[in-house]
Amino acid sequence: MTLSRELFEVDLTFHCPGCETAVVRKGSWIKSAKVFICDACSTQTRLTYGLKLAIFDAHLHPEAPPSLPATRGQSRQ
């Protein structure tokens, strides 16, 4: 599965794994970003390809709210 080019200019919403704050970013940002740092709680999460796929898929299939799962690469600053 690949990241849909159709969503590169679309606002995608996901939730911080640390505080559940809703985060809205363009699909192109999600595609190119390597790390997400929450503005609300400073949780740092690696954006792996699998996580990016999940965010894009959640936009295409909105039955469940998209969120970033807690990962080992996450830390609070």
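The values are calculated or read from the model by the stated rules, or taken from the named source; none is laboratory data. Note that the coordinates shown come from a computational prediction; the quantities given were computed from them, not determined experimentally. Reconstructed Cβ throughout: ideal geometry from the backbone, glycine too, with neighbour counts over all protein chains shown.
Numbers for the structure displayed
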| read-out | value |
| --- | --- |
| Whichever residue in region 1-34 is under 15 Å from Lys52 (Cβ atoms) and of a type in the set (Ser, Thr, Tyr) and, among such residues, is nearest to the chain's Cα centre (by Cα) | Thr13 |
| Hits in region 1-18 (condition: loosely packed, with under 15 Cβ neighbours inside 10 Å, part of a loop (DSSP other than H, G, I, E, B) and modelled with pLDDT under 95) | Met1, Thr2 |
| Options Ser67, Ser28, Ser32; residue that is under 17 Å from Asp11 (Cα atoms), modelled with pLDDT of 95 or more, in contact with an Asp or Glu (Cβ under 9 Å, 6 or more places away or on another chain) and of a type in the set (Gly, Ala, Ser) | Ser28 |
| Residues of region 19-40 satisfying the condition of being surrounded by 13 or more Cβ atoms within 10 Å (Cβ to Cβ), assigned to a helix (DSSP H, G or I) and out of contact with any helix residue (DSSP H, G or I) (no Cβ under 6 Å at 6 or more places or on another chain) | Ser28, Trp29, Lys31 |
